[in-house]
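Okay, so here's the structure we're looking at.
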Amino acid sequence: MTVSQRARNIVPSATLTIAATARRMRAQGIDVIGFGSGEPDFDTPDHIKEAAVQALREGFTKYTASGGIDELKDAVVTRLKRDNGLEYSRDQILISCGGKHSIYNVFQALLEPGDEVLIPAPYWVSFPEQVKLCDAKPIFVHTHEQEGFRLHRALVEPRVTAHTKILVLNSPSNPTGAALTRDELAGLAALAVERGFWLLSDETYDALVYDGHEHVSIASLGDQVYARTILVNSLSKTYAMTGWRVGYTAGPKDVIKAMDNIQSQETSNPTSIAQRAAVVALTGPQEASHRMREEFDRRRRFIVERLNAMPGVSCLSPQGAFYVFPNVSGTFGKHHAGTLIRNSTDFTAFLLDTARVAVVPGVEFGSDAHIRISYATSMSNIKKGMDRMAAAIQQLR
Ligand SMILES: Cc1ncc(COP(=O)(O)O)c(C=O)c1O
């Protein structure tokens with residue numbers, strides 16, 4: 001049996017693979033510090049869990065409308081108004097099984113074979129693979145470390161062609177943590193309107209911004225850009241709800257309708273119980289989420305300082321999300337126990353072997369000079385992991 005060309009054309013999620021390796025090593029009794037997973041270490045807040053328990057007790061365990069329950073769509077409308085200053089109606093909202101599923105449905109609804117999708121690099125690993133699953137072409141727009149990995153109009157414009165269908169935005173970014181300013185977004189919005197392409201704005205990390213950065217939703221920058229923006233968000237990171245699988249999309253009615261049709265033939269509704277919990281997460285008290293943000297901020301400052309003190313490593317201070325993306329190319333060309341470190345994959349293998357620290361090689365995100373470290377793990381793990389990493393780097397010759 002031969003699987004399809006489409007299936008052969010994509011690679012599995014590197015971040016999930018690294019997390020699985022670390023889990024397997026731990027099961028073998030090896031003490032590994034995992035910085036691979038983009039998953040908050042916090043538990044889902046109790047009042048959210050309670051809503052799910054209540055839903056179960058009430059027998060809310062049947063199919064719902066495939067695109068989600070009205071109550072949750074209304075909660076999303078409320079959230080987007082409250083936190084993003086955006087006006088949507090219920091029929092402009094679709095609830096899906098996580099942000100990843102939302103994004104896949106957007107691509108399925110908009111892309112024709114051969115269409116080009118502009119993806120800023122470094123990029124989240126799933127963007128190019130999902131585009132390929134739709135027989136469309138990922139076109140990378142390289143951002144520069146010297147510019148803080150910021151995306152701006154001058155980088156995008158030369159990459160736009162007659163085939164450009166969508167520009168993907170991910171601010172704050174996974175993996176770099178770069179968060180775009182209002183001016184940068186305005187430049188990109190103007191370009192999208194002039195050249196007539198869609199914007200897929202993945203705002204999964206919008207609640208996790210630091211140093212007074214103001215998150216701006218590009219759809220809020222005027223009617224014309226609003227009409228060509230599809231906003232995706234998720235409850236996974238903001239509310240520590242990765243396992244619940246709830247994400248949502250807001251956009252023009254016809255696109256949302258097309259996505260709903262696709263979803264109705266694909267997964268049907270997201271889990272009924274998780275939807276009821278999501279209503280409470282979005283509309284209930286936000287303190288737990290704010291506390292998580294404060295703790296991420298504390299870890300961010302600590303980890304950036306520790307990394308910059310390591311020889312051969314330099315790390316920008318990110319404005320958002322819960323990742324750092326240090327440049328480790330200063331260690332390339334060095335050896336450990338007779339093995340040469342040539343690239344981010346070698347460095348990652350060296351860290352796992354020598355320090356028992358799991359990170360993701362930057363090459364998976366489109367930059368081989370870097371590694372991605374998630375600080376969505378406890379401060380004690382971070383301290384231990386940084387100590388081990390520093391000691392391992394000292395051994396390089
Ligand atoms: C940039 C980005 N978008 C979307 C997602 C999707 O998250 P989920 O499917 O858990 O909602 C992730 C998760 O890692 C992410 O990093």
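The values are calculated or read from the model by the stated rules, or taken from the named source; none is laboratory data. As the structure is a computational prediction, the values presented were derived from the model and not from experiment. Using ideal geometry, Cβ is built from the backbone for each residue, glycine included, and neighbour counts are taken over all protein chains shown.
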**Request:** With respect to ALA337, determine if the residue is on the phi > 0 side of the Ramachandran plot, free of Cβ contacts under 8 Å to residues at least 40 places away in the same chain and not assigned by TED's automatic domain parsing to the domain that holds GLY148.
**Result:** yes
**Request:** Look through GLY114, GLY177, GLY196, GLY187 and report the one residue that is in contact (Cβ under 8 Å) with a residue 40 or more places away in the chain, more than 15 Å from the ligand (Cβ to nearest atom) and of a type in the set (Gly, Ala, Ser).
**Result:** GLY114
**Request:** Evaluate the following for GLU145: is it assigned by TED's automatic domain parsing to the domain that holds HIS215, within 15 Å of the ligand (Cβ to nearest atom) and of a type in the set (Asp, Glu)?
**Result:** no
**Those residues of the stretch 123-132 which are within 15 Å of the ligand (Cβ to nearest atom) and in a helix (DSSP H, G or I), in sequence order** = SER126, PHE127, PRO128, GLU129, GLN130, VAL131
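Would you confirm, using the coordinates I've provided, whether ALA162 is more than 15 Å from the ligand (Cβ to nearest atom), surrounded by fewer than 19 Cβ atoms within 10 Å (Cβ to Cβ) and modelled with pLDDT of 95 or more? Even if it seems obvious, please write down each step before you answer.
Numbers: more than 15 Å from the ligand (Cβ to nearest atom): yes; surrounded by fewer than 19 Cβ atoms within 10 Å (Cβ to Cβ): yes; modelled with pLDDT of 95 or more: yes.
In short, yes.
Yes/no per residue for (1) buried (at least 20 other Cβ atoms within 10 Å of the Cβ); (2) free of Cβ contacts under 8 Å to residues at least 24 places away in the same chain; (3) within 23 Å of ALA178 (Cα to Cα); (4) out of contact with any helix residue (DSSP H, G or I) (no Cβ under 6 Å at 6 or more places or on another chain):
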site: LEU307; (1), (2), (3), (4): yes, no, yes, yes
site: GLN319; (1), (2), (3), (4): yes, no, yes, yes
site: ASN327; (1), (2), (3), (4): no, no, yes, yes
site: THR354; (1), (2), (3), (4): no, no, no, no
site: VAL357; (1), (2), (3), (4): yes, no, no, no
site: PRO361; (1), (2), (3), (4): yes, no, yes, no
**Asked** How many residues does the stretch 383-395 hold that are in contact with a helix residue (DSSP H, G or I) (Cβ under 9 Å, 6 or more places away or on another chain) and either surrounded by fewer than 17 Cβ atoms within 10 Å (Cβ to Cβ) or under 10 Å from MET310 (Cβ atoms) (or both)?
**Response** 9
**Asked** What's the number of the condition THR204 fails, among (1) in a loop (DSSP other than H, G, I, E, B); (2) more than 21 Å from ALA121 (Cβ to Cβ)?
**Response** (2)
**Request:** Could you grab me the full set of residues in the stretch 367-382 that are surrounded by fewer than 21 Cβ atoms within 10 Å (Cβ to Cβ) and more than 20 Å from ASP41 (Cβ to Cβ)?
**Result:** ASP368, ALA369
**Message:** Suppose we keep only residues that are more than 16 Å from the ligand (Cβ to nearest atom) and surrounded by 14 or more Cβ atoms within 10 Å (Cβ to Cβ) within the stretch 23-46. Which one would you say is nearest to LEU282 (Cα to Cα)?
**Reply:** PRO45
**Condition broken by VAL193, with the remaining ones in (1) touching a strand residue (DSSP E or B) at 6+ places or on another chain (Cβ under 8 Å); (2) not in a strand (DSSP E or B) satisfied** = (1)
**Item:** Identity of the residue in the stretch 205-232, closer than 16 Å to LEU80 by Cα and among the aromatic types (Phe, Trp, Tyr), that ends up farthest from the ligand (Cβ to nearest atom)
**Value:** TYR226
**Asked** Take the residues of the stretch 242-257 that are within 16 Å of the ligand (Cβ to nearest atom) and in a helix (DSSP H, G or I): which is nearest to the chain's Cα centre (by Cα)?
**Response** THR242
**Asked** Could you say which residue among THR78, THR64, THR44 is among the β-branched types (Val, Ile, Thr), under 25 Å from the mean Cα position of the chain (by Cα) and not in a helix (DSSP H, G or I)?
**Response** THR44
**Prompt:** Residue check: is THR377 in a loop (DSSP other than H, G, I, E, B) and within 18 Å of CYS315 (Cβ to Cβ)?
**Reply:** yes
**Request:** Output the residues belonging to the stretch 79-105 that are more than 16 Å from LEU169 (Cα to Cα), within 16 Å of the ligand (Cβ to nearest atom) and of a type in the set (Gly, Ala, Ser).
**Result:** SER96, GLY98
**Message:** I'm trying to understand the selection: among the residues of the stretch 224-237, which are β-branched (Val, Ile, Thr) and surrounded by 23 or more Cβ atoms within 10 Å (Cβ to Cβ)?
**Reply:** THR229, ILE230, VAL232
**Fill in**
Note on the stretch 1-15: residues surrounded by 15 or more Cβ atoms within 10 Å (Cβ to Cβ) and out of contact with any Ser or Thr (no Cβ under 8 Å at 6 or more places or on another chain) are ALA14
**Request:** Name every residue in the stretch 258-268 that is more than 24 Å from VAL280 (Cβ to Cβ) and either within 16 Å of the ligand (Cβ to nearest atom) or touching a His at 6+ places or on another chain (Cβ under 6 Å) (or both), in order of residue number.
**Result:** MET259, GLU266
**Request:** State all residues of the stretch 210-223 that are of a type in the set (A, V, I, L, M, F, W, C) and surrounded by 21 or more Cβ atoms within 10 Å (Cβ to Cβ); if no residue qualifies, say none.
**Result:** VAL216, ILE218, ALA219
